[in-house]
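Working notes for the structure below.
Since every read-out is calculated from the coordinates, none of them should be taken as a lab result. None of these values were measured; they are calculated from a predicted model. All Cβ positions, glycine included, derive from the backbone under ideal geometry; neighbour counts span all protein chains shown.
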Amino acid sequence: MPLLNHSGMLTKWDRIVGGVYTYIEKILLNFRGSIQCNARLVEVTRSSTGVQIQLAEGESQHFDKVVFATTPGQVLKLLTDPSENEIKRFHAWQENTIDTMIHTDTSIYQHFGVSYFCEFDLFQNKGDQGCGYNAYLDRLCSIDAQSDTHYNLAYNLQQQIDPEKVIDIQQHTTPAYNVEAIRYR
């Protein structure tokens, strides 16, 4: 508990009014140019005049600069000519692929005798399956908790959630943190 308290895990959460996408909307208000979503990149190559991006569909595009908005483990896979500093900073990063599910099953709480659902609750799985978490979205997103339907986001709790109450499952790639990877962050 002292470690969690020191890390800020036991503090009151602040929320962005209107949700996290409101800051993206603010950026886009003054953005000049075009945005491509779901573009599959093959490689990124530097030149004396900027950066060349090769797309999976065969198209090549030229830019002044590129910002990598991806996990650190994906950067070196895209760069055709990484610098020594980039290799040092990114070589140890691995990817962690997880499945998260949106669901309406709160029976997991009753199973453990929990009556107050929090923003992030950790649950021990049976056997050697480690633990998982459940984010009670009603509280996290200020949804009316008086409703009969309660929304949750869970990770690694597939065995404990009624499949009939699963709304959606999505796969996410996150950084796999280790000492070597964060040494040069």
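Some observations on this one:
- Considering Asp138, Asp105, Asp162, the condition of being more than 29 Å from Glu43 (Cβ to Cβ) and in contact with a helix residue (DSSP H, G or I) (Cβ under 6 Å, 6 or more places away or on another chain) is satisfied by Asp105 alone.
- Condition met for Asp81 (touching a residue at least 24 places away in the same chain (Cβ under 8 Å), farther than 30 Å from Arg32 by Cα, charged (D, E, K, R) and outside any helix (DSSP H, G or I)): no
- Contacts under 7 angstrom Cβ, first residue in region 96-112 being in contact (Cβ under 8 Å) with a residue 40 or more places away in the chain and under 20 Å from Cys141 (Cα atoms), partner among the hydroxyl-bearing types (Ser, Thr, Tyr) and surrounded by fewer than 13 Cβ atoms within 10 Å (Cβ to Cβ), 6 or more apart: Thr104/Thr149
- Yes/no for Gln129 being surrounded by 13 or more Cβ atoms within 10 Å (Cβ to Cβ), among the polar types (S, T, N, Q) and not in a strand (DSSP E or B): yes
- Number of residues in region 60-78 that are touching a Ser or Thr at 6+ places or on another chain (Cβ under 9 Å), assigned to a helix (DSSP H, G or I) and either closer than 20 Å to Gly132 by Cβ or without any contact (Cβ under 8 Å) to a residue 60 or more places away in the chain (or both) equals 1.
- Residue count for region 35-59, restricted to those that are free of Cβ contacts under 8 Å to residues at least 12 places away in the same chain, within 25 Å of Thr173 (Cβ to Cβ) and not aliphatic (A, V, I, L, M): 6.
- Matching residues in region 84-103 - criterion: being over 20 Å from the mean Cα position of the chain (by Cα) and either among the acidic types (Asp, Glu) or outside any loop (DSSP other than H, G, I, E, B) (or both): Glu84, Asn85, Glu86, Ile87, Lys88, Arg89
- Among the residues of region 104-126, those that are hydroxyl-bearing (Ser, Thr, Tyr), assigned to a loop (DSSP other than H, G, I, E, B) and surrounded by 11 or more Cβ atoms within 10 Å (Cβ to Cβ) comprise Thr104, Thr106.
- Filter result for Thr174 (assigned to a strand (DSSP E or B), closer than 27 Å to Gly18 by Cβ, in contact (Cβ under 8 Å) with a residue 40 or more places away in the chain and under 22 Å from the mean Cα position of the chain (by Cα)): yes
- Test: residue in region 31-54 that is hydrophobic (A, V, I, L, M, F, W, C), out of contact with any Cys (no Cβ under 6 Å at 6 or more places or on another chain) and closer than 30 Å to Tyr151 by Cβ: yes
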